[in-house]
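K.L.:
Right, I'll just put the structure down here and ask away after.
The values are calculated or read from the model by the stated rules, or taken from the named source; none is laboratory data. Bear in mind the structure is a predicted one, so any value in this text is a computation, not a measurement. As a convention, Cβ positions derive from the backbone with ideal geometry for all residues, glycine included, and neighbour counts pool all protein chains shown. What goes into the accessible areas is simple: the full protein's heavy atoms, side chains included, and nothing from ligands, DNA or RNA. Shrake-Rupley method; radii C 1.70, N 1.55, O 1.52, S 1.80 Å.
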Amino acid sequence: MSRLQLSLACWDYDRTRALADGSVRPEGIDLIYQNLYVEETFFRMLRNREFDAAEMSLSSYCVSLMKEDPAFIAIPVFPSRYFRHSCIFVSSRSGIREPKDLAGRRIGVPEYQMTAPVWIRGLLQDEYGVDPASCEYLTGGEEEPGRDEKLKLDLPAKFKLKPIGPKQTLARMIADGDLDAMHTARAPSTFSTQPDAVKRLFENFVEVEKAYYRKTKIFPIMHTVVMRRELYRANRWIAQSLYKAFVQAQRRTYDQLATTMALTTMLPWQAAHVEEARRELGEDWWPYGLEPNRHVLKTFLRYHHEQGLSKRRLKAEELFAPETLESFRV
């Protein structure tokens, strides 16, 4: 029986590796897995729709839903999650010592609509009272000049954005004191090369992030998986098929990480990390599906709207193919 051939662009995660090597195969689908860095995947999918399915920034996907005929539809799979307190960097010249000092400052962001800065602005607002609209955001390439927003933005006037110069980079600017701080997914190179000039706002970020989770029960979602909407409309069954395969691949990773006869990663204290994750976040510490993530998604969608990126406050159910929101029972 013939199978539908689909391309999938996604990074090389442990939780998706079974899809990449073919040991887990979606029902009715031959998957062409393209292992790409996330920046390339997002750019090619958002600009040119080059893949049938792809990992995608949660924020970019939500921005795309504001169009009259949205190009993509997601399944409730979240290959990337990340506590982002560790991703707030400050210039040593800025005088910033604590979160409230960020109010009114010049903040570098590769793109305003990136998911990581959305979470960072939101947590700074909720936990430390820093109004996102009080800051000036300078956008552009972190390490290479010439980066711009992948999606055209139409923000309320109260948000102040401007691009950096055509030859400037954010990493260089924060080290030189031309930026007070950065909100980013990648640590700027100058954090390593000029540690006296660029520092983390939260040097004890692990403790801060654990306390944040205990208070909020939020393990921030960064990326989801989308399909081209016209493909989904023609073959609605692929949403459930892909979702089930992603879940199956992830379950294998849970089992591998729990193995104690030999280390499946290069982490010397892997067993301790797994035990800590279970203790802090629960047995299913990286959940897929809508219901286990409703609170996290609801918080993100509030931030997205409050920061001017979505014209209305989206509901979590609107993000995903309805076929993936419930399952049969025997």
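K.L.:
Hey, among the residues in segment 312-330 that are open to solvent by 70 Å² or more (accessible area, probe 1.4 Å) and modelled with pLDDT under 95, which one's nearest to LEU123 (Cα to Cα)?
P.N.:
Ranking the qualifying residues of segment 312-330, first place goes to GLU326.
K.L.:
Of the residues ALA171, ALA181, ALA185, only one is open to solvent by less than 20 Å² (accessible area, probe 1.4 Å), touching a helix residue (DSSP H, G or I) at 6+ places or on another chain (Cβ under 7 Å), touching a residue at least 40 places away in the same chain (Cβ under 8 Å) and small (Gly, Ala, Ser); which?
P.N.:
Details: ALA171 fails: touching a residue at least 40 places away in the same chain (Cβ under 8 Å); ALA185 fails: open to solvent by less than 20 Å² (accessible area, probe 1.4 Å).
On inspection, the qualifying residue turns out to be ALA181.
K.L.:
Now for a different question. Return a yes/no flag: does segment 267-283 have any residue that is in contact (Cβ under 8 Å) with a residue 40 or more places away in the chain, touching a strand residue (DSSP E or B) at 6+ places or on another chain (Cβ under 6 Å) and either part of a helix (DSSP H, G or I) or open to solvent by less than 20 Å² (accessible area, probe 1.4 Å) (or both). Outline the logic, then answer.
P.N.:
Step one: list which residues in segment 267-283 are in contact (Cβ under 8 Å) with a residue 40 or more places away in the chain, which gives 280-281.
From what's left, touching a strand residue (DSSP E or B) at 6+ places or on another chain (Cβ under 6 Å): none.
Looking through segment 267-283, none of the residues is in contact (Cβ under 8 Å) with a residue 40 or more places away in the chain, touching a strand residue (DSSP E or B) at 6+ places or on another chain (Cβ under 6 Å) and either part of a helix (DSSP H, G or I) or open to solvent by less than 20 Å² (accessible area, probe 1.4 Å) (or both).
K.L.:
Tell me which residues, restricted to segment 47-78, are open to solvent by 20 Å² or more (accessible area, probe 1.4 Å) and among the hydrophobic types (A, V, I, L, M, F, W, C). Quick ask: steps written out before the conclusion?
P.N.:
Applying the first criterion (open to solvent by 20 Å² or more (accessible area, probe 1.4 Å)) to segment 47-78 yields 47-50, 52, 65-70.
LEU65, MET66, listed by residue number.
K.L.:
Please find, among LYS158, LYS152, the residue that is without any contact (Cβ under 8 Å) to a residue 12 or more places away in the chain and out of contact with any Phe, Trp or Tyr (no Cβ under 8 Å at 6 or more places or on another chain). Can you show your working first?
P.N.:
Numbers: LYS158 fails: without any contact (Cβ under 8 Å) to a residue 12 or more places away in the chain.
The match here is LYS152.
K.L.:
Among the residues in segment 293-301, are any of a type outside the set (Phe, Trp, Tyr), within 19 Å of the chain's Cα centre (by Cα) and open to solvent by 90 Å² or more (accessible area, probe 1.4 Å)? Show your work before the answer.
P.N.:
Of segment 293-301, the ones of a type outside the set (Phe, Trp, Tyr) are 293-299, 301.
Imposing the further condition that a residue be within 19 Å of the chain's Cα centre (by Cα) reduces the set to 293-299, 301.
Next, from what is left, pick out any that are open to solvent by 90 Å² or more (accessible area, probe 1.4 Å): 295, 298.
Yes, the conditions are met somewhere in segment 293-301.
K.L.:
Determine, yes or no, whether ARG81 is more than 30 Å from ALA249 (Cβ to Cβ), touching a residue at least 60 places away in the same chain (Cβ under 8 Å) and surrounded by fewer than 24 Cβ atoms within 10 Å (Cβ to Cβ).
P.N.:
Details: more than 30 Å from ALA249 (Cβ to Cβ): no; touching a residue at least 60 places away in the same chain (Cβ under 8 Å): yes; surrounded by fewer than 24 Cβ atoms within 10 Å (Cβ to Cβ): yes.
So ARG81 does not fit the description; no.
K.L.:
Separate question: Go over the candidates PHE83, PHE43 one by one and state the one that is under 19 Å from the mean Cα position of the chain (by Cα) and within 22 Å of VAL296 (Cα to Cα). First the steps, then the outcome.
P.N.:
On the way: PHE43 fails: within 22 Å of VAL296 (Cα to Cα).
Residue meeting the stated conditions: PHE83.
K.L.:
Counting residues that are closer than 23 Å to ARG294 by Cβ, which strands (runs of 3 or more DSSP E) fully inside segment 1-76 reach at least 3?
P.N.:
Passing ranges, in order: 53-57.
K.L.:
Report yes if LYS217 is closer than 18 Å to VAL63 by Cβ and open to solvent by 70 Å² or more (accessible area, probe 1.4 Å), otherwise no. Before the answer, list the steps.
P.N.:
Numbers: closer than 18 Å to VAL63 by Cβ: no; open to solvent by 70 Å² or more (accessible area, probe 1.4 Å): yes.
Here the answer is no, as LYS217 does not meet what is asked.
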